[in-house]
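Trainee: The structure's right below; bear with me while I get my questions together.
The values are calculated or read from the model by the stated rules, or taken from the named source; none is laboratory data. Because the structure is predicted, anything quoted here is derived from the model rather than measured. A quick note on method: Cβ atoms are made from the backbone with ideal geometry, for glycine too, and the neighbour counts reach across all protein chains shown.
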Amino acid sequence: MMQIETFKYDNKIVKYFTIATVLWSVVGMLVGLTIAIQLYAPALNFGIPYLTYGRLRPLHTNAVIFAFVGNGIFMGVYYSLQRLLKARMFSDFLSNLHFWSWQLIIVCAAITLPLGITTSKEYAELEWPIDILITLVWVVFAINLFGTIVKRREKHLYVAIWFYIATIVTVAVLHIVNSIELPVTFFKSYSAYAGVQDALVQWWYGHNAVAFFLTTPYLGLMYYFLPKAANRPIYSYRLSIIHFWALIFLYIWAGPHHLLYSALPDWAQSLGTVFSIMLIAPSWGGMINGLLTLRGAWDKLREDVVLKFMVVAITAYGMSTFEGPMLSLKNVNALAHFTDWIIAHVHIGALGWNGFLTFGILYWLVPRLWNTTLYSKKQANFHFWIGFLGIVFYASSMYWSALVQTLMWKQFTPAGLLQYPNFLETVLQIIPMYVIRSIGGLLYFIGVLVMVYNLIKTAKQGKFVADEEAQAPPMVIAPIKYKKGLGHRWIESRPLQFTLLAAVAILIGGIVEMIPTFLVKTNIPTIASVKPYTPLELQGRDLYIREGCVGCHSQLIRPFRSEVERYGEYSKAGEYVYDHPFLWGSKRTGPDLMREGKKYPNVWHYYHMNDPRLMSPGSIMPPFAWLSENVLDISTTAKKISVLRKLGVPYPDGFENIANNELRKQADTIALDLTNAGVVVDPDKEIIAIIAYLQRLGTDIKAKKQ
């Protein structure tokens, strides 16, 4: 007679992550709605530095990705893992440590990002102390997950757990490699990589953060919760095997498609494109596997709001994973990159795939945790339709905006001149689209608020069960020898070998792309005329980073006739060799600044930073009046010089001892020039430093005459 063991699932930790998911969904969407409105109403920051678009944008992305989606991942993993392995989590202490530490990270982000404490690297803006904390918390999560796998009662690992393992391993590698930096102070560091190398590492991380934080764990949740909600087995076990291994191997190569037509070597760009196209197959394999799980259950779909959310989520996943490879084609990328098309693409994934799947899981999970039924199906259906309408408004307006942008940017007159030489002309044309986008965001946000009310009422009418009793036979430990025909089942029962094989699969692509870029000097040629930033320019660059200017302005001119005519000579890899970090940007809400230096007099920049509409009527750029009031902190200059020298920037030995003297000389020169132009400003103000930086941009090489 088989022995049956009685044990209890830990629902308390699932409850904690559920509450956090709901709470941060409201915060993340509210900040997103705020900055969407600020794009056409910049005065909404009320002149407060901490509320500008540049500082709130990274707060929005971090709140949605790591707070809302992150807590949603942990909610689903802690619930499903215990039931798939027939075991309580390895350690209740580690579970609680993971929860509270993750919330601490989110709170730290919510404080530091509005303060301008940022690395400026997309999805990795948090400074080095928080990076270390993230690493430690991820180790806690990994120990808890693998410890639970070791004590499992179910020998074979279900497909959802494969995706959880790949997430654990890959996110750790991505985070550690991209976060290598040298501290200057407790709140400031410089990336260990420079220019083109930094760009490659960043988008290797950035693209795969989307892949292995926003995609693979959610695919794991799909493979568990969709069959549960539909009460049907997953469509194809074989397809899930192909989906998993092909996806994790191919995804890691695709990062360079974010850098097409850039200063990145062509071979790396081509690799990114080729593997991005191949990604369509496994991605759509997963989508088909999910949708066909509902075969024969379409009648249930009409009545079950949970399935409605999940079907739209999977469809959005399919749309995003088709659109991504298409955007990696050079001819398509030439039109769409730096436009609002990328914004639409990202939000189809975030609002549709991550958002709707999370909502579906919440509507399925909360009634079960509180042992009741959903409070109001009508409210849930209302949430579905208003959220769906919000996505349609949001995405369609951004697609239209992108078409207007790219066509106006590239339009020439019959005489061969730019039809719209003033960048602001394109901005003014798309403001109605920004209004529609914010309406879509408002509709989506209303749906979230309705969900919050519905879930609270659901919990109140039920009774939460913290320790859910369960029974299962112990796992029989018997050696399984690999036999022909046994196939994938052999490795499913061996978590160590499975994890190692997954690690090898994800490491190959990164190694192949990075080693030549870092070790072959001809890939990143230097230019003799390119010199390190002066101390004042360096301080100004850090202010530029603090204010989040890279969120709206690129510093990368692609080799297109339209861009060379508009901005100047196209960018060279050697121009960025001293940039820690790189600041190429990913969206042009404002014009490219690569050749901004000496284009306008100092006084123009002074007035433009204090009141953009004075110099550019109709501009949607917020004013930065505090730069003229704040005294520049030069106490860090010597340390910054020393750290950058360690990273390879050729500052002379001992230069840090005289750096502030050089800084004051340059500041006095700019202040005198402003005085002669009728503007009296003290040379120790921050505005002087940022003017110095802007006037330096792109002046190291002699641009061709236009």
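Trainee: Go through the range 23-35 and count every residue that is surrounded by fewer than 22 Cβ atoms within 10 Å (Cβ to Cβ) and touching a residue at least 40 places away in the same chain (Cβ under 8 Å).
Mentor: 4
Trainee: Please state which one of Thr148, Thr119 is outside any helix (DSSP H, G or I), crowded, with 19+ Cβ neighbours inside 10 Å and assigned by TED's automatic domain parsing to the domain that holds Leu85.
Mentor: Testing whether each residue is outside any helix (DSSP H, G or I), crowded, with 19+ Cβ neighbours inside 10 Å and assigned by TED's automatic domain parsing to the domain that holds Leu85 leaves just Thr119.
Trainee: Being among the small types (Gly, Ala, Ser), buried (at least 23 other Cβ atoms within 10 Å of the Cβ) and either free of Cβ contacts under 8 Å to residues at least 40 places away in the same chain or more than 15 Å from Met514 (Cβ to Cβ) (or both) narrows it down to one of Gly285, Gly272, Gly290, so name that one.
Mentor: Numbers: Gly285 fails: buried (at least 23 other Cβ atoms within 10 Å of the Cβ); Gly272 fails: either free of Cβ contacts under 8 Å to residues at least 40 places away in the same chain or more than 15 Å from Met514 (Cβ to Cβ) (or both).
Result of the check over Gly285, Gly272, Gly290: Gly290.
Trainee: List the helices (runs of 4 or more DSSP H) that sit entirely inside the range 327-411 and contain at least 2 residues that are among the basic types (Lys, Arg) and at pLDDT 95 or above. Please lay out each step first, then the result.
Mentor: Numbers: elements: 330-336, 340-347, 356-369, 377-410.
Answer list for the range 327-411: 377-410.
Trainee: May I ask you to verify whether Leu279 is in the same structural domain as Tyr317 (by TED's automatic domain parsing), surrounded by fewer than 16 Cβ atoms within 10 Å (Cβ to Cβ), free of Cβ contacts under 8 Å to residues at least 60 places away in the same chain and more than 15 Å from Val512 (Cβ to Cβ)?
Mentor: On the way: in the same structural domain as Tyr317 (by TED's automatic domain parsing): yes; surrounded by fewer than 16 Cβ atoms within 10 Å (Cβ to Cβ): no; free of Cβ contacts under 8 Å to residues at least 60 places away in the same chain: yes; more than 15 Å from Val512 (Cβ to Cβ): yes.
Considered against the rule, which asks whether it is in the same structural domain as Tyr317 (by TED's automatic domain parsing), surrounded by fewer than 16 Cβ atoms within 10 Å (Cβ to Cβ), free of Cβ contacts under 8 Å to residues at least 60 places away in the same chain and more than 15 Å from Val512 (Cβ to Cβ), Leu279 comes out as no.
Trainee: Considering only the range 254-295, how many residues are assigned to a helix (DSSP H, G or I), among the hydroxyl-bearing types (Ser, Thr, Tyr) and under 23 Å from Gly585 (Cα atoms)?
Mentor: Residues meeting the conditions: 3.
Trainee: Could you tell me whether Ile37 is of a type in the set (Val, Ile, Thr), touching a Ser or Thr at 6+ places or on another chain (Cβ under 8 Å) and under 24 Å from Gly116 (Cα atoms)? Steps first, please.
Mentor: Working: of a type in the set (Val, Ile, Thr): yes; touching a Ser or Thr at 6+ places or on another chain (Cβ under 8 Å): yes; under 24 Å from Gly116 (Cα atoms): yes.
Criteria met by Ile37.
Trainee: Among the residues of the range 67-89, what is the count of those that are over 14 Å from Val14 (Cα atoms) and touching a residue at least 60 places away in the same chain (Cβ under 8 Å)?
Mentor: Taking the range 67-89 and keeping what is over 14 Å from Val14 (Cα atoms), we get 67-69, 84-87.
If we keep only those that are touching a residue at least 60 places away in the same chain (Cβ under 8 Å) as well, we get 68-69, 84-87.
Looking only at that region, the number is 6.
Trainee: State yes or no: is Ser320 under 30 Å from His257 (Cβ atoms), in a helix (DSSP H, G or I), of a type in the set (Ser, Thr, Tyr) and without any contact (Cβ under 8 Å) to a residue 60 or more places away in the chain?
Mentor: Values: under 30 Å from His257 (Cβ atoms): yes; in a helix (DSSP H, G or I): yes; of a type in the set (Ser, Thr, Tyr): yes; without any contact (Cβ under 8 Å) to a residue 60 or more places away in the chain: yes.
When the stated conditions are applied, Ser320 passes them.
Residue-wise test of (1) assigned to a helix (DSSP H, G or I); (2) of a type in the set (Phe, Trp, Tyr); (3) under 30 Å from Tyr224 (Cα atoms).
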| residue | (1), (2), (3) |
| --- | --- |
| Gly47 | no, no, no |
| Ala63 | yes, no, yes |
| Phe68 | yes, yes, yes |
| Ile73 | yes, no, yes |
| Leu84 | yes, no, yes |
| Ala87 | no, no, yes |
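Trainee: Taking the residues in the range 572-583 that are in contact with an Asp or Glu (Cβ under 9 Å, 6 or more places away or on another chain) and not in a helix (DSSP H, G or I) as candidates, determine which candidate is farthest from Asn178 (Cα to Cα).
Mentor: By that ranking, first place goes to Asp579.
Trainee: From Gly654, Gly678, grab the single residue that is in contact (Cβ under 8 Å) with a residue 40 or more places away in the chain, surrounded by fewer than 13 Cβ atoms within 10 Å (Cβ to Cβ) and of a type outside the set (S, T, N, Q).
Mentor: Details: Gly654 fails: in contact (Cβ under 8 Å) with a residue 40 or more places away in the chain.
Just one listed residue meets the conditions, Gly678.
Conditions (1) more than 15 Å from Ile161 (Cβ to Cβ); (2) among the small types (Gly, Ala, Ser), marked per residue:
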{"position": "Tyr218", "(1), (2)": "no, no"}
{"position": "Tyr223", "(1), (2)": "no, no"}
{"position": "Ala230", "(1), (2)": "yes, yes"}
{"position": "Ile234", "(1), (2)": "no, no"}
{"position": "Leu239", "(1), (2)": "yes, no"}
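Trainee: All but one of (1) surrounded by fewer than 17 Cβ atoms within 10 Å (Cβ to Cβ); (2) free of Cβ contacts under 8 Å to residues at least 60 places away in the same chain hold for Leu443; which doesn't?
Mentor: For Leu443, the failing item is (1).
Trainee: Let me ask something additional. Across the range 102-116, what is the total count of residues that are part of a helix (DSSP H, G or I) and either surrounded by 16 or more Cβ atoms within 10 Å (Cβ to Cβ) or under 17 Å from the mean Cα position of the chain (by Cα) (or both)?
Mentor: Keep residues of the range 102-116 that are part of a helix (DSSP H, G or I), which gives 102-112.
With the extra rule that they be either surrounded by 16 or more Cβ atoms within 10 Å (Cβ to Cβ) or under 17 Å from the mean Cα position of the chain (by Cα) (or both), the set shrinks to 102-103, 105-106, 108-110, 112.
Looking only at that region, the number is 8.
Trainee: Please work out which residue is surrounded by the fewest Cβ atoms within 10 Å (Cβ to Cβ), limiting yourself to the range 44-74 and to residues that are in contact with a Gly (Cβ under 8 Å, 6 or more places away or on another chain) and of a type in the set (Val, Ile, Thr).
Mentor: Val64
Trainee: A further question follows. Which one is nearest to Ser191 (Cα to Cα), of the residues in the range 584-641 that are among the acidic types (Asp, Glu) and out of contact with any helix residue (DSSP H, G or I) (no Cβ under 6 Å at 6 or more places or on another chain)?
Mentor: In the first step, residues of the range 584-641 are kept if they are among the acidic types (Asp, Glu); the result is 592, 596, 611, 629, 633.
Keeping just the survivors that are out of contact with any helix residue (DSSP H, G or I) (no Cβ under 6 Å at 6 or more places or on another chain) gives 611, 629, 633.
Values: Asp611: 32, Glu629: 29, Asp633: 21 Å.
So, considering only residues that are among the acidic types (Asp, Glu) and out of contact with any helix residue (DSSP H, G or I) (no Cβ under 6 Å at 6 or more places or on another chain), the one nearest to Ser191 (Cα to Cα) is Asp633.
Trainee: Picking from Ile545, Ile557, which residue would you name as being outside any loop (DSSP other than H, G, I, E, B), of a type in the set (Val, Ile, Thr) and either within 33 Å of the chain's Cα centre (by Cα) or modelled with pLDDT of 95 or more (or both)? Step through it out loud before you land on a result.
Mentor: Numbers: Ile557 fails: outside any loop (DSSP other than H, G, I, E, B).
Step by step, each of Ile545, Ile557 is checked, and only Ile545 is outside any loop (DSSP other than H, G, I, E, B), of a type in the set (Val, Ile, Thr) and either within 33 Å of the chain's Cα centre (by Cα) or modelled with pLDDT of 95 or more (or both).
Trainee: Continuing with this model, one more query. Can you work out which of the residues in the range 225-242 that are assigned to a helix (DSSP H, G or I) and basic (Lys, Arg) is nearest to Arg83 (Cα to Cα)?
Mentor: Applying the first criterion (assigned to a helix (DSSP H, G or I)) to the range 225-242 yields 225-230, 237-242.
Now drop any that are not basic (Lys, Arg), which leaves 228, 238.
On the way: Lys228: 12, Arg238: 22 Å.
Going through the qualifying residues, I end up with Lys228.
Trainee: Among the residues of the range 295-317, which ones are closer than 18 Å to Leu239 by Cα and surrounded by 21 or more Cβ atoms within 10 Å (Cβ to Cβ)? Lay out the reasoning, then the answer.
Mentor: Keep residues of the range 295-317 that are closer than 18 Å to Leu239 by Cα, which gives 295, 314-315, 317.
Passing the criteria: Ile314, Tyr317.
Trainee: Right, next: Is it fair to say Val77 is surrounded by 24 or more Cβ atoms within 10 Å (Cβ to Cβ), among the β-branched types (Val, Ile, Thr) and more than 24 Å from Thr119 (Cβ to Cβ)?
Mentor: Values: surrounded by 24 or more Cβ atoms within 10 Å (Cβ to Cβ): yes; among the β-branched types (Val, Ile, Thr): yes; more than 24 Å from Thr119 (Cβ to Cβ): yes.
Yes: the conditions hold for Val77.
Trainee: Please enumerate the residues belonging to the range 188-224 that are hydrophobic (A, V, I, L, M, F, W, C), under 16 Å from His175 (Cβ atoms) and assigned to a helix (DSSP H, G or I). Let's see the steps before the verdict.
Mentor: We begin by selecting, within the range 188-224, every residue hydrophobic (A, V, I, L, M, F, W, C); these are 192, 194, 196, 199-201, 203-204, 209-214, 219, 221-222.
Those still in the list that are under 16 Å from His175 (Cβ atoms) too: 192, 201, 203-204, 209-214.
Listed by number, the residues that qualify are Val201, Trp203, Trp204, Ala209, Val210, Ala211, Phe212.
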